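Each remark here refers to the structure printed beneath this line.
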Amino acid sequence: MPYEEQVKANYEAAKAQYAKHGIDVDQALARLAQVKISMHCWQGDDVRGFLNRGQELTGGISVTGNYPGAARTPDELRADLEKAFSLIPGSHKVNLHAIYADTDEVVEIDRLEPKHFDRWVQWAKEQGLGLDFNPTCFSHEKSKDGLTLSHPDAEIRDFWIKHCQASRRIGAYFGEQLGQTCVTNVWVPDGYKDIPADRLGPRQRLKASLDEVFSEQLNPAHNLDAVESKLFGIGSEAYVVGSHEFYMGYGLQNDKLICLDAGHFHPTEVISNKLSALSLFTSGILLHVSRPMRWDSDHVVILDDELLEIGKELVRGNLLDITHIGLDFFDASINRVAAWVIGTRNTIKALLRAMLEPVEALKQAEITGDYTTRLALTEEFKSYPFGAVWDYYCASQGVPVREEWLTEVKAYERDVLALRGN
């Protein structure tokens, strides 16, 4: 039997098995096709960006490895993104940081304007992609001491306030131009390496700065604001101003999306268990899906237990409509395009796995106290033919089935990446 026919036959057989439990596989795939993953641009060039390109990477961020082929220009980065998207099913978004401005003009980051990203917008229109955005409050002369929006120097605070305000306007421009709401996420690295004498003061300054950042009313159809916490970082081991408690309070009080990053909590703490609780009190959630092998190490996302649990929580709680899913990892030890493909495909797989569960049967067993059935069904469905459905979905979306995509990445490495000489 030809391979394409085998994929189809396997799919039909899998559909029949799932149908016995009332699961409409075709409907699940239609639903999956509506989910957009925001793929982070910074995997492609190791978080260097194109403004202040020679600046040292700071803010507790570290990228290890020297695999050849990192993007050196906006055009190279866009070409790499296109190659990755050609191997990933569905229609998605690109998440940009402010340092990725594509302009011939010399401009300081507090004076960035939408025009400095027009080439990105035109490309996104051509590719049918949405764009998300982030101010870049690191790798800059004015962030070298690890403080930005909470800095005791009012002039430095004002610089970063203006940068974040400019970033929101750029995000709104993206949303207006592309017809897809842009999520503009504010994360700052502010903190201290050793125990501070004053924990309250910096948080008061950060709150006041954020109030100024968000003072301009923007159309929520064009731009949604998010705030992101962190537990600690390199250089801020003792104290981070923007803790989870700080940003959860600020986000709830000011109706901002609260960003949960998989690596920004205690080493044994997971974000999957936070989703249902947070959903009761907020209008929306932003996820930064990563793999914190050793806390915030930002390894490429694999189909591990936590990713599967995130998928389950989003599907079982009907949270996909209020959750914006983005990726956040950077690995320079492997092919960067492959890293995007692996991480994004795995995130979509986790959602599909969750959509192919007998959710209502599991909930009914639980509410009636039939924990035997709950456990039995949960375990048996782990070996149901999910892979056959995934193969068919990839084929129907016109992307390679299973590891066939690796052949294309290897060819792209040989013909494009290896010639860059970096």
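The values are calculated or read from the model by the stated rules, or taken from the named source; none is laboratory data. Just so we're clear, the structure is a prediction, and the values are computed from it rather than from any experiment. Every residue, glycine among them, receives a Cβ derived from its backbone with ideal geometry; neighbour counts consider all protein chains shown.
Hey, does region 408-422 have a residue that's without any contact (Cβ under 8 Å) to a residue 40 or more places away in the chain and under 22 Å from LYS349 (Cα atoms)?
no
When region 184-198 is examined, which residues are found to be of a type outside the set (Ser, Thr, Tyr), over 27 Å from MET39 (Cα atoms) and surrounded by 14 or more Cβ atoms within 10 Å (Cβ to Cβ)? Lay out the reasoning, then the answer.
Quick first cut of region 184-198, residues of a type outside the set (Ser, Thr, Tyr) only: 185-191, 193-198.
If we keep only those that are over 27 Å from MET39 (Cα atoms) as well, we get 191, 193-198.
Selection gives GLY191, LYS193, PRO196.
Determine, yes or no, whether GLY130 is under 19 Å from the mean Cα position of the chain (by Cα) and under 29 Å from ILE271 (Cα atoms). Before you say what the answer is, go through the steps one by one.
On the way: under 19 Å from the mean Cα position of the chain (by Cα): yes; under 29 Å from ILE271 (Cα atoms): yes.
Yes.
Of all residues in region 275-286, count the ones that are crowded, with 18+ Cβ neighbours inside 10 Å and over 15 Å from the mean Cα position of the chain (by Cα).
Initial filter on region 275-286 (crowded, with 18+ Cβ neighbours inside 10 Å): 275, 278-279, 284-286.
Now narrow it down to the ones that are over 15 Å from the mean Cα position of the chain (by Cα): 275, 278-279.
The qualifying residues number 3.
Quick check: anything in region 394-405 among the hydroxyl-bearing types (Ser, Thr, Tyr), under 22 Å from ALA33 (Cβ atoms), at pLDDT 95 or above and in a helix (DSSP H, G or I)?
Within region 394-405, the first condition is being among the hydroxyl-bearing types (Ser, Thr, Tyr), and the residues that meet it are 396.
Checking which are under 22 Å from ALA33 (Cβ atoms) leaves us with 396.
Pick out the ones that are also at pLDDT 95 or above and you get 396.
Now drop any that are not in a helix (DSSP H, G or I), which leaves 396.
The answer is yes, given that some residue of region 394-405 is among the hydroxyl-bearing types (Ser, Thr, Tyr), under 22 Å from ALA33 (Cβ atoms), at pLDDT 95 or above and in a helix (DSSP H, G or I).
Please count how many residues of region 288-310 are under 16 Å from HIS92 (Cβ atoms) and not aliphatic (A, V, I, L, M). If you could, list the steps in order and put the result at the bottom.
To start, the set of residues in region 288-310 that are under 16 Å from HIS92 (Cβ atoms) comprises 288-289, 301.
Retained after the next criterion (residues that are not aliphatic (A, V, I, L, M)): 288.
Adding up the residues that qualify gives 1.
Please enumerate the residues belonging to region 247-273 that are surrounded by 18 or more Cβ atoms within 10 Å (Cβ to Cβ) and not aliphatic (A, V, I, L, M). It would help to see each step written out before you state the result.
So the first thing to find is which residues in region 247-273 are surrounded by 18 or more Cβ atoms within 10 Å (Cβ to Cβ), and the list is 247-248, 250-251, 256-265, 271-272.
Selection gives TYR247, TYR250, GLY251, LYS256, CYS259, ASP261, GLY263, HIS264, PHE265, SER272.
Would you please name the residue that is nearest to LEU307 (Cα to Cα), looking only at residues in region 28-48 that are of a type outside the set (A, V, I, L, M) and part of a loop (DSSP other than H, G, I, E, B)?
Initial filter on region 28-48 (of a type outside the set (A, V, I, L, M)): 31, 34, 36, 38, 40-46, 48.
Subsequent filtering for residues that are part of a loop (DSSP other than H, G, I, E, B) retains 34, 36, 45-46, 48.
On the way: GLN34: 19, LYS36: 16, ASP45: 25, ASP46: 23, ARG48: 27 Å.
So, considering only residues that are of a type outside the set (A, V, I, L, M) and part of a loop (DSSP other than H, G, I, E, B), the one nearest to LEU307 (Cα to Cα) is LYS36.
Working only within region 316-333, note down all residues that are modelled with pLDDT under 95 and aliphatic (A, V, I, L, M).
Result: ALA332, single match.
Looking at the structure I just gave you, is GLY242 in contact with a strand residue (DSSP E or B) (Cβ under 8 Å, 6 or more places away or on another chain) and within 18 Å of PRO196 (Cβ to Cβ)?
Working: in contact with a strand residue (DSSP E or B) (Cβ under 8 Å, 6 or more places away or on another chain): yes; within 18 Å of PRO196 (Cβ to Cβ): yes.
Answer is yes for this residue.
Identify the single condition in (1) touching a Gly at 6+ places or on another chain (Cβ under 7 Å); (2) not in a helix (DSSP H, G or I) that SER276 does not satisfy, given that it satisfies every other one.
So the condition that SER276 fails would be (2).
Would you mind stating whether GLN217 is in a helix (DSSP H, G or I) and either surrounded by fewer than 23 Cβ atoms within 10 Å (Cβ to Cβ) or out of contact with any Phe, Trp or Tyr (no Cβ under 6 Å at 6 or more places or on another chain) (or both)?
Details: in a helix (DSSP H, G or I): no; either surrounded by fewer than 23 Cβ atoms within 10 Å (Cβ to Cβ) or out of contact with any Phe, Trp or Tyr (no Cβ under 6 Å at 6 or more places or on another chain) (or both): yes.
It is false that GLN217 is in a helix (DSSP H, G or I) and either surrounded by fewer than 23 Cβ atoms within 10 Å (Cβ to Cβ) or out of contact with any Phe, Trp or Tyr (no Cβ under 6 Å at 6 or more places or on another chain) (or both).
What are the residues in region 309-353 that are under 15 Å from ILE271 (Cα atoms), among the polar types (S, T, N, Q) and free of Cβ contacts under 8 Å to residues at least 60 places away in the same chain, if any?
Selection gives THR323 alone.
Quick one: would you say GLY387 is part of a loop (DSSP other than H, G, I, E, B) and out of contact with any Pro (no Cβ under 8 Å at 6 or more places or on another chain)?
Working: part of a loop (DSSP other than H, G, I, E, B): no; out of contact with any Pro (no Cβ under 8 Å at 6 or more places or on another chain): yes.
Against the criterion (part of a loop (DSSP other than H, G, I, E, B) and out of contact with any Pro (no Cβ under 8 Å at 6 or more places or on another chain)), GLY387 does not qualify.
From the list THR373, THR407, which one is hydroxyl-bearing (Ser, Thr, Tyr) and over 22 Å from TYR3 (Cα atoms)? Give the steps one after another, and end with the answer.
On the way: THR407 fails: over 22 Å from TYR3 (Cα atoms).
Of THR373, THR407, the one residue that is hydroxyl-bearing (Ser, Thr, Tyr) and over 22 Å from TYR3 (Cα atoms) is THR373.
Among the helices (runs of 4 or more DSSP H) lying completely within region 306-381, list those that include at least 2 residues that are out of contact with any Phe, Trp or Tyr (no Cβ under 8 Å at 6 or more places or on another chain) and farther than 20 Å from SER290 by Cβ. Let's see the steps before the verdict.
On the way: elements: 336-355, 359-367, 371-380.
Ranges flagged: 359-367, 371-380.
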